[in-house]
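First comes the structure, then the notes that go with it.
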Amino acid sequence: MISKKMEEALNLQINKEMYSAYLYLAMSAQCTEMVLDGVAKWFMVQYHEEMFHAMKIYNYIHDQGGTVKLQAIEAPKEKFSSVKGMFEKTLEHEKTVTASIKSLVDLAKKEDDPATEIFLQWYVTEQVEEEKNAMDILQKLQMLGKEEGPGMFQFDAALGSRKLSVPSDFSEKLAD
Ligand code: OFO
């Protein structure tokens, strides 16, 4: 069992992860409209990753006998004039998610809830990777300079090779 306070905070995190998914889906759409199919694919894979992050918490709340309460997902508002702008936003956004995970860990400690603390360790590690991915891509864009020409063509192709490494069908677990 988890406390009501912990349950509320985890439900809020589901919303944050789904907002992340929505944000990256919006970026993917914008890249498709800019005919950057590789970058669009990278963000689409990221969309699925975020949905997986949300669904892991969804399942955990149920495993703990809690109630999932879904809330409205905010619409991403920003439009970007460059791919660099998108990845700067990605890094900034991931830093806020890292802070949010840290608050959850702090709450789990306060609630004397070692199970949730252990569960959250996965997210602590994941956030290191999330920030690193954005930082690495920003560095590559820095090296590239102008977002045009053969360099951009290669960059787009490289990002398009990203493969989904998480499940995107959550119906299996529900049928257990
Ligand atoms: Fe869920 O890690 Fe990004 O937001």
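Residue by residue, here is whether (1) open to solvent by 60 Å² or more (accessible area, probe 1.4 Å); (2) over 20 Å from the mean Cα position of the chain (by Cα); (3) modelled with pLDDT under 95 holds:
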position: Glu78; (1), (2), (3): yes, no, yes
position: Glu130; (1), (2), (3): no, no, no
position: Lys146; (1), (2), (3): yes, yes, yes
position: Ser161; (1), (2), (3): yes, no, no
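Of the residues Leu144, Leu164, the single one that is within 26 Å of Ser100 (Cα to Cα) and more than 14 Å from the ligand (Cβ to nearest atom) is Leu164. Of all residues in the stretch 28-44, those that are open to solvent by less than 40 Å² (accessible area, probe 1.4 Å) have Cβ atoms under 6 Å from Cβ atoms of residues that are of a type in the set (S, T, N, Q), 6 or more apart or on another chain, in Ala40/Ser28; Ala40/Thr32; Phe43/Ser28.
Determine which single condition Glu94 fails, assuming it passes every other condition in (1) more than 30 Å from Ala157 (Cβ to Cβ); (2) open to solvent by less than 20 Å² (accessible area, probe 1.4 Å); (3) among the charged types (D, E, K, R). Status for Glu94: all satisfied but (1). The set of residues in the stretch 24-41 being under 19 Å from Val97 (Cα atoms) and over 9 Å from the mean Cα position of the chain (by Cα) consists of Leu25, Ala26, Met27. Of the numbered criteria (1) under 24 Å from Phe170 (Cα atoms); (2) without any contact (Cβ under 8 Å) to a residue 60 or more places away in the chain; (3) among the charged types (D, E, K, R); (4) more than 16 Å from the ligand (Cβ to nearest atom), the one Glu50 fails is (4).
Can you name the residue in the stretch 97-119 that is more than 30 Å from Asp136 (Cα to Cα) and without any contact (Cβ under 8 Å) to a residue 12 or more places away in the chain and, of all such residues, is surrounded by the fewest Cβ atoms within 10 Å (Cβ to Cβ)? Among them, the one singled out is Asp112. Scanning the stretch 46-56 for residues that are within 11 Å of the chain's Cα centre (by Cα) and open to solvent by 10 Å² or more (accessible area, probe 1.4 Å) returns Tyr47, His48, Glu49, Met51, Phe52.
The values are calculated or read from the model by the stated rules, or taken from the named source; none is laboratory data. Keep in mind that this is a model prediction, so the values were computed, not measured. Reconstructed Cβ throughout: ideal geometry from the backbone, glycine too, with neighbour counts over all protein chains shown. Protein only, heavy atoms only, side chains kept; ligands, DNA and RNA dropped before computing areas. Shrake-Rupley method; radii C 1.70, N 1.55, O 1.52, S 1.80 Å.
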